[in-house]
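Colleague: Handing you this structure, nothing more for now.
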Amino acid sequence: YQQRLKWDLGRKKLLHQKQHKLFERLQAEQPDFAEKIIAVNSDLTLLELDLSKEDQSVLVENINIVFHCAATIRFNEPLKDAMQLNVLATQKMLALAHRMKHLEVFIHVSTAYAHCDREVIEEVVYPPPVNYRKLIDTLDWMDDDLVATLTPKLIGERPNTYTYTKALAEYLVLQEAGDLNIAIVRPSIVGASWKEPFPGWIDNFNGPSGIFIAAGKGILRTMRASNDAVADLVPVDVVINATLAAAWFSGSQRVNRPRSLMVYNCTTGGINPFHWGEVENCINMTFKNNPLEQAFRRPNVNLRSNPFTNQYWTTVSHTLPALLFDGYLTLMGHKPRMMKTITRLHKAMVVLEYFTSHSWVWNTDNVAMLLSHMSPEDKKVFNFDVRQLHWAEYMENYCMGMKKYVLNEELSGLPAARKHLNKLRNIRYTFNTVLVVLIWRIFIARSQMARNIWYFVVSLCFKFLSYFRASSTMR
């Protein structure tokens, strides 16, 4: 009873306090919606998902549709942990699904990057490089140090344990589906909402959002990425609508369903491409016009494909300013914090570099087919047609959503934020001017050639002014 009370209280807190804006429309249309939600205590890493016998009985007797979204999204998760959460938990969920008496559809949410070792990714489940059953048994007796040593060899050309284990989970679903009606949805980089519950809604720093905020704050000034690489962002409401539509279609086709397991690549690059260079321009423009409060510097992030150039600018634009600022904080009696922030930022950028420097081609025939089977009314209610997505407008809403919903900054604070940004600009211009003058004075003092150049420039300017005055007099 105490556990149930705990989860009921947690549910009410989630729905009515922390996320009340998110559920405003639902609250208005269905005031008692929260009473229909039953929270279940579970642990993905434990036997039978640590579900009580009572909860298992409720699920087995009542569930019609399963959306399996639970996973770790940390890219650099230790392989053992990633296997536990992404592969073994999926196996346990499937075992429970096989017991459900009225189950009609099982939707497994994967990632479009599960097979990022391929340039062209079809809507099929590819065989993994290792037998997942043997790997599970092997990891069981290995200690953490040995697993860490073997991880680079195991994941091969994939960049991290996340994409590797998600690929294994897909194949596990295929192998252990049995007679279950299963479909797999593969979203790419999930971003802020496009339309629902309102444009730009987001509530976390996951994916590129933390990087965007760092750029808006002026902390991030350089990042390794290819301007021409496709930024395969997909709005969160598009993913949800496509997932719901996939469940509907799988349920409607359960009698005459396809022999092969249906896979949906929920991506935007092949339908409505948007490139990282365009992302850079949108972020810089939006945060200059609508700045974040207490920015460290003016927003001016630059993407660089050359690793050596990027490393140079990382030192000049990130590390040195952070050290200077921390030195200033120390002199003022405050705790230094900027270098710690920069270190965390660099770790996040290293994780994302692989995805911002490459492009993939995803086949989306099944997504197009799914859309074609929907009625005009359903297409409006469950819209996932990204051909209608206007990227510049979406990115502006994304940036403003982070400002409002992640950082909790009110729009009424924009005048003060703009004033602060103008102050930073004036400080920068003054500093650069003083620095140039000092350097030039040093050169003039030490070099005859520098003095000759200086005299030549001054005389040229004087002659130009004299000519301009003479011309004005003649008129």
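Colleague: Which ones in the range 182-213 are within 11 Å of the chain's Cα centre (by Cα), at negative phi and either surrounded by fewer than 24 Cβ atoms within 10 Å (Cβ to Cβ) or hydroxyl-bearing (Ser, Thr, Tyr) (or both)?
Modeller: Selection gives SER188, ILE189, VAL190, ILE202, ASN204, PHE205, ASN206, PRO208, SER209, GLY210, ILE211.
Colleague: How many residues are outside any loop (DSSP other than H, G, I, E, B) and either surrounded by fewer than 16 Cβ atoms within 10 Å (Cβ to Cβ) or touching a residue at least 24 places away in the same chain (Cβ under 8 Å) (or both) if we restrict to the range 37-71?
Modeller: Residues flagged as outside any loop (DSSP other than H, G, I, E, B) and either surrounded by fewer than 16 Cβ atoms within 10 Å (Cβ to Cβ) or touching a residue at least 24 places away in the same chain (Cβ under 8 Å) (or both) within the range 37-71 amount to 17.
Colleague: Let me ask something else. Give the residue, chosen from VAL230, VAL316, that is closer than 23 Å to PHE212 by Cα and in contact with a His (Cβ under 7 Å, 6 or more places away or on another chain).
Modeller: Every option except VAL230 fails the conditions.
Colleague: Among the residues of the range 132-178, write down those that are more than 26 Å from VAL236 (Cα to Cα), in a loop (DSSP other than H, G, I, E, B) and either among the small types (Gly, Ala, Ser) or modelled with pLDDT of 90 or more (or both).
Modeller: Result: GLY156, ALA177, GLY178.
Colleague: Applying the selection to the range 21-36, what residues are open to solvent by less than 70 Å² (accessible area, probe 1.4 Å) and closer than 25 Å to VAL58 by Cα? Break it down stepwise before answering.
Modeller: Taking the range 21-36 and keeping what is open to solvent by less than 70 Å² (accessible area, probe 1.4 Å), we get 22-23, 26-27, 33-34.
Those that are open to solvent by less than 70 Å² (accessible area, probe 1.4 Å) and closer than 25 Å to VAL58 by Cα: PHE33, ALA34.
Colleague: Among (1) charged (D, E, K, R); (2) loosely packed, with under 15 Cβ neighbours inside 10 Å; (3) touching a Phe, Trp or Tyr at 6+ places or on another chain (Cβ under 9 Å), which single condition is ASP365 missing?
Modeller: Tallying (1) charged (D, E, K, R); (2) loosely packed, with under 15 Cβ neighbours inside 10 Å; (3) touching a Phe, Trp or Tyr at 6+ places or on another chain (Cβ under 9 Å), ASP365 fails exactly one: (3).
Colleague: From VAL130, VAL105, which residue is open to solvent by 30 Å² or more (accessible area, probe 1.4 Å) and of a type in the set (Val, Ile, Thr)?
Modeller: Working: VAL105 fails: open to solvent by 30 Å² or more (accessible area, probe 1.4 Å).
Exactly one of VAL130, VAL105 is open to solvent by 30 Å² or more (accessible area, probe 1.4 Å) and of a type in the set (Val, Ile, Thr), namely VAL130.
Colleague: Same structure, new question: All but one of (1) at pLDDT 90 or above; (2) under 30 Å from ASP203 (Cβ atoms) hold for GLU409, so report the exception by its number.
Modeller: (1)
Colleague: Let me ask you something else. So, ALA392, is that one exposed (fewer than 15 other Cβ atoms within 10 Å of the Cβ) and closer than 26 Å to TYR126 by Cα or not?
Modeller: no
Colleague: Is the range 214-225 home to any residue that is under 29 Å from MET374 (Cα atoms) and open to solvent by less than 10 Å² (accessible area, probe 1.4 Å)?
Modeller: no
Colleague: When you scan the range 278-288, do you find a residue that is closer than 30 Å to PHE382 by Cα, open to solvent by 60 Å² or more (accessible area, probe 1.4 Å) and of a type in the set (Asp, Glu), even just one?
Modeller: Within the range 278-288 (the criterion being closer than 30 Å to PHE382 by Cα, open to solvent by 60 Å² or more (accessible area, probe 1.4 Å) and of a type in the set (Asp, Glu)), the answer is yes, since at least one residue qualifies.
Colleague: How about the range 353-367: which of its residues are more than 12 Å from GLU123 (Cα to Cα) and in a helix (DSSP H, G or I)?
Modeller: Hits for the range 353-367 are GLU353, TYR354, PHE355, THR356.
Colleague: Something else: Assess whether THR319 counts as being assigned to a helix (DSSP H, G or I) and either over 23 Å from the mean Cα position of the chain (by Cα) or of a type in the set (Lys, Arg) (or both).
Modeller: Numbers: assigned to a helix (DSSP H, G or I): yes; either over 23 Å from the mean Cα position of the chain (by Cα) or of a type in the set (Lys, Arg) (or both): yes.
For THR319, the condition - assigned to a helix (DSSP H, G or I) and either over 23 Å from the mean Cα position of the chain (by Cα) or of a type in the set (Lys, Arg) (or both) - is met.
Colleague: While we're on this one: Does VAL381 count as buried (at least 19 other Cβ atoms within 10 Å of the Cβ) and among the hydrophobic types (A, V, I, L, M, F, W, C)? Can you show your working first?
Modeller: Numbers: buried (at least 19 other Cβ atoms within 10 Å of the Cβ): no; among the hydrophobic types (A, V, I, L, M, F, W, C): yes.
So VAL381 fails the test.
Colleague: Of everything in the range 225-256, what is of a type in the set (D, E, K, R) and at pLDDT below 90? Give them in sequence order.
Modeller: Within the range 225-256, ARG254 is the sole residue that qualifies.
Colleague: Please enumerate the residues belonging to the range 108-122 that are surrounded by 19 or more Cβ atoms within 10 Å (Cβ to Cβ) and in a loop (DSSP other than H, G, I, E, B).
Modeller: SER110, THR111, ALA112, TYR113, ALA114, HIS115, CYS116 - these are the residues of the range 108-122 that are surrounded by 19 or more Cβ atoms within 10 Å (Cβ to Cβ) and in a loop (DSSP other than H, G, I, E, B).
Colleague: Then there's this: Return a yes/no flag: does the range 84-98 have any residue that is open to solvent by less than 40 Å² (accessible area, probe 1.4 Å) and not in a helix (DSSP H, G or I).
Modeller: Scanning the range 84-98, I find no residue that is open to solvent by less than 40 Å² (accessible area, probe 1.4 Å) and not in a helix (DSSP H, G or I), so the answer is no.
Colleague: Six or more apart or on different chains, Cβ atoms under 8 Å: show the pairs whose first residue is in the range 160-178 and within 12 Å of VAL130 (Cβ to Cβ) and among the aromatic types (Phe, Trp, Tyr) and whose second is part of a helix (DSSP H, G or I) and open to solvent by less than 10 Å² (accessible area, probe 1.4 Å).
Modeller: TYR164/LEU79; TYR164/ALA82; TYR171/TYR132
The values are calculated or read from the model by the stated rules, or taken from the named source; none is laboratory data. These figures come from a predicted structure and were not determined experimentally. Glycine gets a Cβ as well: all are built from the backbone with ideal geometry, and neighbour counts include every protein chain shown. Side chains are part of the model used for accessible areas, which takes the heavy atoms of the whole protein and leaves out ligands, DNA and RNA. Shrake-Rupley method; radii C 1.70, N 1.55, O 1.52, S 1.80 Å.
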